[in-house]
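Enquirer: Pasting a structure here, questions to come.
The values are calculated or read from the model by the stated rules, or taken from the named source; none is laboratory data. Because the structure is predicted, anything quoted here is derived from the model rather than measured. With ideal geometry, Cβ positions are generated from the backbone for all residues, glycine too; neighbour counts draw on all protein chains shown. Side chains included, ligands, DNA and RNA excluded: accessible areas come from the protein's heavy atoms. Shrake-Rupley method; radii C 1.70, N 1.55, O 1.52, S 1.80 Å.
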Amino acid sequence: MMNPIELKKAVGSGLLSFPVTHFDDQLKFDEAKYRRHVEWLAGYDAAALFAAGGTGEFFSLNPSEIPQVVRAAKASAGNTPIISGTGYGTSLAIEIARAAEKAGADGLLLLPPYLMFAEQAGLIAHVKAVCQSVGIGVIVYNRDNAILTAESIARLAEECPNLIGFKDGVGDVDKVIEITTLLGDRLVYVGGMPTHEVYAQAYFAAGVTTYSSAVFNFVPALAQRFYGALRTGDQATVDEILKGFFFPFVALRNRKKGYAVSIIKAGLRVLGQNPGPVRPPLTDLTQEELALLEKIVQANGVSRIAAE
């Protein structure tokens with residue numbers, strides 16, 4: 001496992017991704033297919049992979065399944081760091097965090113606690129308790145009912161040496177700028193909006209120069225090409241991929257609730273791979289929507305042969 005400083009450096013070094021979690025027809029974890037998928041993704045130079053994250057259906061996994069997913073990812077990812085999701089209430093988040101650490105996770109992504117909105121003091125206590133329960137690095141995810149202020153993040157950074165990162169899924173770039181300005185290089189900053197590529201230029205200007213790419217699951221070469229164009233200021237390529245792939249992709253994703261995850265598994269089906277269905281309460285794309293996604297993928301030069 002990496003120490004927190006090593007993980008921080010690795011996360012900031014390039015593009016990140018969230019492997020989907022493979023299920024069989026009975027909705028049980030399909031370890032063999034998952035391991036093949038993680039091994040395939042690791043070959044496309046992701047800076048880190050998030051096992052059992054949001055795109056990996058963390059919310060539908062039994063806590064006992066999460067270390068299984070982590071172990072499978074670690075066994076297949078080579079030298080690519082594996083960051084496990086954890087979350088829910090504080091006690092359960094600590095239990096999952098410790099199990100993930102024992103399973104070999106290099107770090108943790110702390111997702112919002114279940115359901116409840118809370119004051120800053122409560123959120124600080126929650127994040128601090130999880131950080132202090134493990135020795136590996138922790139990235140806190142600002143999203144939904146867990147939105148920490150710049151002052152709260154600064155306090156946690158001071159009190160929790162293994163808090164190494166801040167991921168934003170809110171979209172208030174002015175708040176992100178406040179946090180990056182106040183904390184400087186104390187943390188690594190990760191973009192975490194759904195299909196973050198369409199927000200990436202604004203976040204780059206705010207000092208957030210890496211992000212987690214869900215589409216990396218099925219178009220990793222395209223995802224890396226887009227990221228490379230962003231980093232080098234190749235605006236023509238950025239605009240080409242946004243117009244040709246991401247804008248129509250997002251329009252399809254927005255058709256129904258939960259499709260931010262479902263459409264990623266659908267993308268793998270388009271390539272001839274079978275990640276299995278999403279677990280309820282999510283729903284899979286219809287056949288008509290799957291055909292539309294296939295047209296988007298084909299129009300951008302991604303084929304089943306390339307995937308294989």
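Enquirer: If the requirement is being more than 19 Å from the chain's Cα centre (by Cα) and under 21 Å from Cys160 (Cβ atoms), which of these qualifies: Gly85, Gly89, Gly12?
Expert: Gly89
Enquirer: OK, next. Do we find a residue being of a type in the set (Ser, Thr, Tyr), part of a helix (DSSP H, G or I), open to solvent by 10 Å² or more (accessible area, probe 1.4 Å) and in contact with a Gly (Cβ under 9 Å, 6 or more places away or on another chain) anywhere in segment 192-202?
Expert: Checking segment 192-202: not a single residue is of a type in the set (Ser, Thr, Tyr), part of a helix (DSSP H, G or I), open to solvent by 10 Å² or more (accessible area, probe 1.4 Å) and in contact with a Gly (Cβ under 9 Å, 6 or more places away or on another chain).
Enquirer: Further question: Answer yes or no as to whether Arg71 is without any contact (Cβ under 8 Å) to a residue 40 or more places away in the chain, open to solvent by 20 Å² or more (accessible area, probe 1.4 Å) and either of a type in the set (S, T, N, Q) or assigned to a helix (DSSP H, G or I) (or both).
Expert: So Arg71 fits the description; yes.
Enquirer: Can we say Leu61 is open to solvent by 50 Å² or more (accessible area, probe 1.4 Å), among the hydrophobic types (A, V, I, L, M, F, W, C), in contact (Cβ under 8 Å) with a residue 12 or more places away in the chain and more than 22 Å from Thr210 (Cβ to Cβ)?
Expert: Criteria not met by Leu61.
Enquirer: Within segment 16-54, work out how many residues are closer than 21 Å to Leu110 by Cβ and in contact with a Ser or Thr (Cβ under 8 Å, 6 or more places away or on another chain).
Expert: The qualifying residues number 13.
Enquirer: I would also like to ask the following. Are there helices (runs of 4 or more DSSP H) fully within segment 210-308 with at least 3 residues that are under 22 Å from the mean Cα position of the chain (by Cα)? List them.
Expert: 220-232, 247-253, 259-270
Enquirer: What residue, among those in segment 26-41 that are outside any helix (DSSP H, G or I) and open to solvent by less than 70 Å² (accessible area, probe 1.4 Å), is nearest to Asn274 (Cα to Cα)?
Expert: Among residues in segment 26-41 that are outside any helix (DSSP H, G or I) and open to solvent by less than 70 Å² (accessible area, probe 1.4 Å), the one nearest to Asn274 (Cα to Cα) is Asp30.
Enquirer: Name the residues in segment 248-285 that are farther than 22 Å from Thr21 by Cβ, open to solvent by less than 70 Å² (accessible area, probe 1.4 Å) and free of Cβ contacts under 8 Å to residues at least 24 places away in the same chain, would you?
Expert: Across segment 248-285, the qualifying residue is only Ala251.
Enquirer: When segment 2-11 is examined, which residues are found to be out of contact with any helix residue (DSSP H, G or I) (no Cβ under 9 Å at 6 or more places or on another chain) and either polar (S, T, N, Q) or surrounded by fewer than 24 Cβ atoms within 10 Å (Cβ to Cβ) (or both)?
Expert: Matches in segment 2-11: Asn3, Pro4, Ile5, Glu6, Lys8, Lys9, Ala10.
Enquirer: Checking Ile139 against (1) of a type in the set (A, V, I, L, M); (2) open to solvent by 50 Å² or more (accessible area, probe 1.4 Å); (3) touching a residue at least 40 places away in the same chain (Cβ under 8 Å), which test does it fail?
Expert: (2)
Enquirer: Any residue that is under 18 Å from the mean Cα position of the chain (by Cα) and more than 21 Å from Ala51 (Cα to Cα) - is there at least one of those in segment 152-173?
Expert: Looking through segment 152-173, at least one residue is under 18 Å from the mean Cα position of the chain (by Cα) and more than 21 Å from Ala51 (Cα to Cα).
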